[in-house]
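Before any comments, here is the structure.
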Amino acid sequence: MKTLLVVEVSPRLELSVSRNLTTRFVEQWKKGNPHGVVVVRDLFKSHIPFVDLHWIGGAFTPREQHSPESAAAIKVSDDLVAEIKSADHILIGTPMYNFSIPAILKAYIDQIVRSGVTVSTAYEGMLKGKKATVILSTGGDFSPGAPFASTNMASNYLRQVLGFIGISDVNIILAVRTLAVDQGHQPLRDYVTELDGEILSAAAA
Ligand SMILES: Cc1cc2nc3c(=O)[nH]c(=O)nc-3n(C[C@H](O)[C@H](O)[C@H](O)COP(=O)(O)O)c2cc1C
């Protein structure tokens with residue numbers, strides 16, 4: 001039985017391009033995995049804390065030395081790590097914000113990248129045997145060859161950090177020029193349909 005972990009990021013809920021595309025992905029994934037489990041980690045609703053001194057103290061000292069504050073900070077991380085560890089496929093649906101990823105996704109990443117837990121002390125990723133699909137929605141055009149393609153920091157960063165924790169099988173689907181949807185030039189439903197081929201084949205992989 002396979003488990004799909006869906007990490008949602010956009011605050012725009014039903015208006016969100018990335019969320020509409022992850023929904024399509026999940027529908028198709030369920031068809032191919034009728035007994036599969038889908039776990040949703042909605043970062044917009046999870047209020048994941050930033051790394052602070054208590055977290056750092058907890059992450060780099062033995063558990064028996066943890067203050068109550070460090071124990072609580074590390075429990076957040078432990079729970080998120082357990083969730084991603086139990087998944088076979090991780091689907092991240094995220095907007096591009098300011099050429100990179102939204103802060104709430106970075107906060108999540110900072111919780112799950114842990115020395116000795118998801119990355120060995122020899123810098124070997126410990127989450128092996130998983131695959132990830134990233135659906136990255138962008139207002140502008142970051143397609144390969146587009147004039148601003150090289151300013152897309154989100155794709156490289158996500159590939160890098162997922163690889164760092166051992167997830168090297170990463171498929172990034174670019175949902176570009178969503179401005180056309182937001183400005184009312186293209187209905188959201190049509191936009192989602194245009195990407196259907198790519199989404200469905202990623203979900204079937
Ligand atoms: C705070 C903010 C920053 C953004 N930064 C960029 C950007 O750097 N490049 C870009 O192409 N689009 C940018 N956008 C547009 C979003 O990436 C685009 O609207 C995307 O489709 C939003 O995803 P969603 O529909 O799933 O919420 C930004 C939007 C917001 C709200």
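The values are calculated or read from the model by the stated rules, or taken from the named source; none is laboratory data. All values reported here derive from a predicted model rather than from experimental measurement. Glycine gets a Cβ as well: all are built from the backbone with ideal geometry, and neighbour counts include every protein chain shown. Just the protein is used for accessible areas: all its heavy atoms, side chains included, with ligands, DNA and RNA removed. Shrake-Rupley method; radii C 1.70, N 1.55, O 1.52, S 1.80 Å.
Of note:
- Extreme residue, surrounded by the most Cβ atoms within 10 Å (Cβ to Cβ), among residues of segment 110-122 that are farther than 11 Å from Ser77 by Cβ and in contact (Cβ under 8 Å) with a residue 12 or more places away in the chain: Val119
- Qualifying residue in segment 24-37 (condition: away from the ligand (no atom under 16 Å from the Cβ), in contact with a helix residue (DSSP H, G or I) (Cβ under 7 Å, 6 or more places away or on another chain) and without any contact (Cβ under 8 Å) to a residue 60 or more places away in the chain): yes
- Subset of segment 27-69 [open to solvent by less than 80 Å² (accessible area, probe 1.4 Å), out of contact with any strand residue (DSSP E or B) (no Cβ under 7 Å at 6 or more places or on another chain) and of a type in the set (D, E, K, R)]: Asp52
- Helices (runs of 4 or more DSSP H) (entirely within segment 109-205) containing at least 1 residues that are in contact with a Phe, Trp or Tyr (Cβ under 9 Å, 6 or more places away or on another chain): 153-164, 179-182, 196-204
- Hits in segment 46-76 (condition: hydrophobic (A, V, I, L, M, F, W, C) and part of a helix (DSSP H, G or I)): Leu53, Trp55, Ile56, Ala59, Ala71, Ala72, Ala73, Ile74, Val76
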